[in-house]
Amino acid sequence: MKNFPLSKKQLDALAERYPTPFYIYDEAAIRQNAQAIRRAFSVFPAFKEHYAVKALPNPFILKILSDEGFGADCSSLPELLLADMAGMKGEDVMFTSNETPAREYLKALELGAVINLDDYTHIEFLEKHGRIPSLVSCRYNPGPLKEGNAIIGKPEEAKYGFTRDQILRGFALLQDKGAARFALHTMAASNELNPAYHIETARLLFELAVEIRAKTGIRLEFVNLGGGVGIPYGPEQEAVDYGCLAAGIRKAYDEIILPAGLDPLGIHTEWARAVTGPYGWLVARAIHRKSIYREYIGLDACMADLMRPALYGAYHHITIPGKETADAAETNDVVGSLCENNDKFAVRRRLPKIHADETAGDFVVIHDAGAHGRAMGFNYNGKLRCGELLLRTDGSFLMIRRPETLEDYFATLNMGELQDFHNRLP
Ligand SMILES: *Cc1c(COP(=O)(O)O)cnc(C)c1O
């Protein structure tokens, strides 16, 4: 059963204050999940999770995660500023970027974030435009050594990271240029529910850590396993068992790291989806019902609010508050208002009979929207992105981002010149 923390009655009251559509995140559930992750990984001498800011770039959420002992993974200047705002400082922040502009490296250096280089040539780029810091991480692309998965593709077709040979040469070069502390990173999957996949990734990094030690003399301070742990979007899927995952990685550690004399080696991660994904929902209202060659339910939210279904054909579970136990009596496409036919949250989905009305229509709750949800939103078709609410641990609600307004939409246009431009037209 997919959980949603509010009853129909609570939603009715909430929607009086905050009209739909909106995102809502559950603070208590995010905290419990963060604690469960830390507990599972306490089998390692040092563990640090760097939440990937791109998935839910809101400083309130980052503050909660920081309070639970998590750092951040950033890949742009605004993300570095968000992490800083949330009190995530220094080496609690990884800067895992690619095709990085010099000024973003400079900001990362200024904040003392761990720079995770994406390419061999970035060693000289960083030195030329900034400096080589004491601690440097390099991103490894395992290429054909590792099978890809549906969302991220095959590693050898991915633009990220160093080859194996470049990693070995890269660390040696960094050492020549004054680096004294080293870390190794990879990110080989996205939304992968099979723990064996992530355990194999760890094994790959451990083996490379041993090879780096043998060939360059460098002893790594930590390895970063990246993100990519999946969540059960489908009600029939099962969540990753953190204990089983951590135990599998620990077994590889005992087999590879201990005998090589590389213990203690820090284990870092950059999970995002698994941290907040299941604890965020997009709440919309059914405002139209349409019957042509198929049956449609039209919402007041659209793919500009949540793009995953349109982008990847991703499944997001849908429930109708107040009708949780009702029969799935109808088959509908649940759609938004964009002038794009792929603006569909669900296609031929069996759902309870939905009441559609501008003000009194049923709420339509779209699950597992707490990561890569609103963050991927856009303004195409003049769509204004919705706001974000936080359900606090005491049951109160806090608006942590207001909905966009027309003023926001027009703010970047050079309106001051428009009249003059018009007057001067031939
Ligand atoms: C997107 C991303 C993550 C987070 O991925 P999830 O699949 O949400 O865990 C972590 N690291 C990097 C480098 C990323 O690009």
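The values are calculated or read from the model by the stated rules, or taken from the named source; none is laboratory data. Keep in mind that what you see is a predicted model, and the values were worked out from it rather than measured. When we count neighbours, we look across all protein chains shown, and the Cβ atoms used for this are built from the backbone with ideal geometry, even at glycine. Remember, those area values only see protein heavy atoms, side chains included, never the ligands or the DNA or RNA. Shrake-Rupley method; radii C 1.70, N 1.55, O 1.52, S 1.80 Å.
Out of the stretch 380-393, which residues are farther than 17 Å from residue 280 by Cα and out of contact with any Asp or Glu (no Cβ under 6 Å at 6 or more places or on another chain)? Working first, answer last.
Applying the first criterion (farther than 17 Å from residue 280 by Cα) to the stretch 380-393 yields 380-384.
Once the filter is applied, which keeps residues that are farther than 17 Å from residue 280 by Cα and out of contact with any Asp or Glu (no Cβ under 6 Å at 6 or more places or on another chain), the stretch 380-393 yields 380, 381, 382, 383.
Please verify whether residue 128 is surrounded by fewer than 17 Cβ atoms within 10 Å (Cβ to Cβ), more than 18 Å from residue 205 (Cα to Cα), at pLDDT 95 or above and not aromatic (Phe, Trp, Tyr), treating the condition exactly as stated. Reasoning before the result, please.
On the way: surrounded by fewer than 17 Cβ atoms within 10 Å (Cβ to Cβ): yes; more than 18 Å from residue 205 (Cα to Cα): yes; at pLDDT 95 or above: yes; not aromatic (Phe, Trp, Tyr): yes.
When the stated conditions are applied, residue 128 passes them.
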Open item on the list: Residues that are at pLDDT 95 or above, open to solvent by less than 40 Å² (accessible area, probe 1.4 Å), within 28 Å of residue 85 (Cα to Cα) and not in a loop (DSSP other than H, G, I, E, B): does the stretch 158-165 have at least one?
Closed with: no
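Every residue, every condition in (1) more than 16 Å from the ligand (Cβ to nearest atom); (2) in contact with a Lys or Arg (Cβ under 8 Å, 6 or more places away or on another chain); (3) at pLDDT 95 or above, yes or no:
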{"site": "189", "(1), (2), (3)": "no, no, no"}
{"site": "210", "(1), (2), (3)": "yes, no, yes"}
{"site": "215", "(1), (2), (3)": "yes, no, yes"}
{"site": "220", "(1), (2), (3)": "yes, yes, yes"}
{"site": "226", "(1), (2), (3)": "no, no, yes"}
{"site": "230", "(1), (2), (3)": "no, yes, yes"}
{"site": "233", "(1), (2), (3)": "no, no, yes"}
{"site": "239", "(1), (2), (3)": "no, no, yes"}
Open item on the list: Would you confirm whether or not the stretch 327-342 contains a residue that is among the polar types (S, T, N, Q), in contact (Cβ under 8 Å) with a residue 12 or more places away in the chain and buried (at least 16 other Cβ atoms within 10 Å of the Cβ)?
Closed with: yes
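Test residue 91 against the criterion of being open to solvent by less than 40 Å² (accessible area, probe 1.4 Å) and out of contact with any Ser or Thr (no Cβ under 7 Å at 6 or more places or on another chain), and give yes or no.
Numbers: open to solvent by less than 40 Å² (accessible area, probe 1.4 Å): no; out of contact with any Ser or Thr (no Cβ under 7 Å at 6 or more places or on another chain): yes.
Taking the combined requirement at face value, the residue does not satisfy it.
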Open item on the list: As an exercise: evaluate residue 98 against (1) surrounded by fewer than 24 Cβ atoms within 10 Å (Cβ to Cβ); (2) part of a helix (DSSP H, G or I); (3) out of contact with any Pro (no Cβ under 9 Å at 6 or more places or on another chain) and give the number of the one condition it does not meet.
Closed with: (2)
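Go over the candidates 139, 169 one by one and state the one that is within 16 Å of the ligand (Cβ to nearest atom), assigned by TED's automatic domain parsing to the domain that holds residue 99, of a type in the set (D, E, K, R) and outside any loop (DSSP other than H, G, I, E, B).
Values: 169 fails: within 16 Å of the ligand (Cβ to nearest atom).
Going through 139, 169 in turn, the sole match is 139.
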- [ ] Answer yes or no: is there a residue in the stretch 368-384 that is assigned to a strand (DSSP E or B), surrounded by fewer than 21 Cβ atoms within 10 Å (Cβ to Cβ) and not charged (D, E, K, R).
- [x] no
Open item on the list: Going by what's in this entry, would residue 212 be described as in a helix (DSSP H, G or I) and either surrounded by 21 or more Cβ atoms within 10 Å (Cβ to Cβ) or out of contact with any Leu (no Cβ under 8 Å at 6 or more places or on another chain) (or both)?
Closed with: yes
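Is it the case that residue 261 is farther than 23 Å from residue 54 by Cα, open to solvent by 30 Å² or more (accessible area, probe 1.4 Å) and of a type outside the set (Lys, Arg)?
Numbers: farther than 23 Å from residue 54 by Cα: yes; open to solvent by 30 Å² or more (accessible area, probe 1.4 Å): yes; of a type outside the set (Lys, Arg): yes.
It is true that residue 261 is farther than 23 Å from residue 54 by Cα, open to solvent by 30 Å² or more (accessible area, probe 1.4 Å) and of a type outside the set (Lys, Arg).
Would you mention how many residues in the stretch 288-316 are without any contact (Cβ under 8 Å) to a residue 24 or more places away in the chain, under 29 Å from the mean Cα position of the chain (by Cα) and open to solvent by 70 Å² or more (accessible area, probe 1.4 Å)? Before you say what the answer is, go through the steps one by one.
Narrowing the stretch 288-316 to residues without any contact (Cβ under 8 Å) to a residue 24 or more places away in the chain: 290-293, 313.
Keeping just the survivors that are under 29 Å from the mean Cα position of the chain (by Cα) gives 313.
Applying the additional criterion that residues be open to solvent by 70 Å² or more (accessible area, probe 1.4 Å) yields none.
Residues that pass the stated criteria total 0.
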TODO: Determine which single condition residue 48 fails, assuming it passes every other condition in (1) more than 14 Å from the chain's Cα centre (by Cα); (2) in a helix (DSSP H, G or I).
DONE: (2)
Task: the stretch 55-67 residues that are at negative phi, paired with ones that are among the acidic types (Asp, Glu) and open to solvent by 10 Å² or more (accessible area, probe 1.4 Å) (beta carbon under 8 Å, 6 or more apart) - done: 57/79; 66/92
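Which ones in the stretch 66-92 are within 13 Å of the ligand (Cβ to nearest atom) and under 18 Å from residue 224 (Cα atoms)?
Narrowing the stretch 66-92 to residues within 13 Å of the ligand (Cβ to nearest atom): 70-76, 79.
If the condition is that a residue be within 13 Å of the ligand (Cβ to nearest atom) and under 18 Å from residue 224 (Cα atoms), then 70, 71, 72, 73, 74, 75 are the ones that fit.
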- [ ] Give just the number: which of (1) crowded, with 18+ Cβ neighbours inside 10 Å; (2) touching a strand residue (DSSP E or B) at 6+ places or on another chain (Cβ under 9 Å); (3) part of a loop (DSSP other than H, G, I, E, B) does residue 19 not satisfy?
- [x] (1)
Open item on the list: Return the pair list, or none, for Cβ contacts closer than 6 Å from residues in the stretch 70-95 that are without any contact (Cβ under 8 Å) to a residue 60 or more places away in the chain and within 24 Å of residue 138 (Cβ to Cβ) to residues that are hydroxyl-bearing (Ser, Thr, Tyr) and away from the ligand (no atom under 13 Å from the Cβ), at least 6 apart or on different chains.
Closed with: 88/66
Open item on the list: So the check is Cβ under 6 Å with 6+ separation or different chains; which pairs have a first residue in the stretch 103-117 that's assigned by TED's automatic domain parsing to the domain that holds residue 136 and closer than 18 Å to residue 161 by Cα and a second one that's acidic (Asp, Glu) and surrounded by fewer than 24 Cβ atoms within 10 Å (Cβ to Cβ)?
Closed with: 114/91
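So is residue 418 assigned to a loop (DSSP other than H, G, I, E, B) and more than 19 Å from residue 10 (Cα to Cα) or not? Outline the logic, then answer.
Working: assigned to a loop (DSSP other than H, G, I, E, B): no; more than 19 Å from residue 10 (Cα to Cα): yes.
So residue 418 fails the test.
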Task: Tabulated pairs, the stretch 177-205, first polar (S, T, N, Q), second open to solvent by 40 Å² or more (accessible area, probe 1.4 Å) and within 12 Å of the ligand (Cβ to nearest atom), C-beta under 6 angstrom, 6+ apart or interchain - done: 190/151; 190/152; 191/151
